[in-house]
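Everything on this sheet refers to the single structure shown next.
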Amino acid sequence: MVCPLYVDFTRMCLEKFPTLVKFTTLQTCTSEQYVDCPIYQVCTSSFNCKYLPSCSTQYNEKMPKLLQNIFMNKDAYEVMKDMWTKYCLSPENSKTCAKYQLLSKGEKPPLTLMPDGRKIRPFDLIFKRKHIIHPPE
């Protein structure tokens, strides 16, 4: 079975959330695991945080490619997927998101800020080649 959003060998989610598409592969779209794909979940969810498009765009446009490649390892991918599910697709939790709270005040959240308030230190990612998240200060 393939993803129902994978129509005519293309992904319909390209139209809805083009900035998030790079976080999954066509291989996922053509497998039984498409239901676990965070992009499929975002596209089919009954709720999406109003800041989801701007947050995803921020990562794609502002984060250096080197950090994107390091950050999107398997462990980091799972953390991001959990964050999307917990905060971006939940009407209850979206307002508790640290990024949401800053954006609601008209402030721009730093790239290093995670929805739960923890921070990523890019140099840790570069030099240790592993996903390190530090608690809020």
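The values are calculated or read from the model by the stated rules, or taken from the named source; none is laboratory data. This one's a predicted model, so the numbers in the text were calculated from it and none came from an experiment. Cβ: placed from backbone, ideal geometry, glycine included. Neighbour counts: every protein chain shown.
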Requested in this report: Run Ser46 past the list (1) loosely packed, with under 13 Cβ neighbours inside 10 Å; (2) at pLDDT below 70 and report the number of the one that doesn't hold.
Outcome: (2)
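Would you point out the residue of the range 1-27, among those that are among the β-branched types (Val, Ile, Thr) and either buried (at least 21 other Cβ atoms within 10 Å of the Cβ) or modelled with pLDDT under 75 (or both), that is nearest to Asp82 (Cα to Cα)?
Thr24
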Query raised in the report: Restricting attention to the range 109-137, which residues are modelled with pLDDT of 85 or more, in contact with a helix residue (DSSP H, G or I) (Cβ under 7 Å, 6 or more places away or on another chain) and over 16 Å from Glu78 (Cα atoms)?
Result: Pro109, Leu113, Gly117
Report task. Find all pairs meeting these conditions: Cβ atoms under 6 angstrom apart; at least six residues apart or on different chains; first residue within the range 95-121 and at positive phi; second residue outside any helix (DSSP H, G or I). Result -> Gly117/Pro136
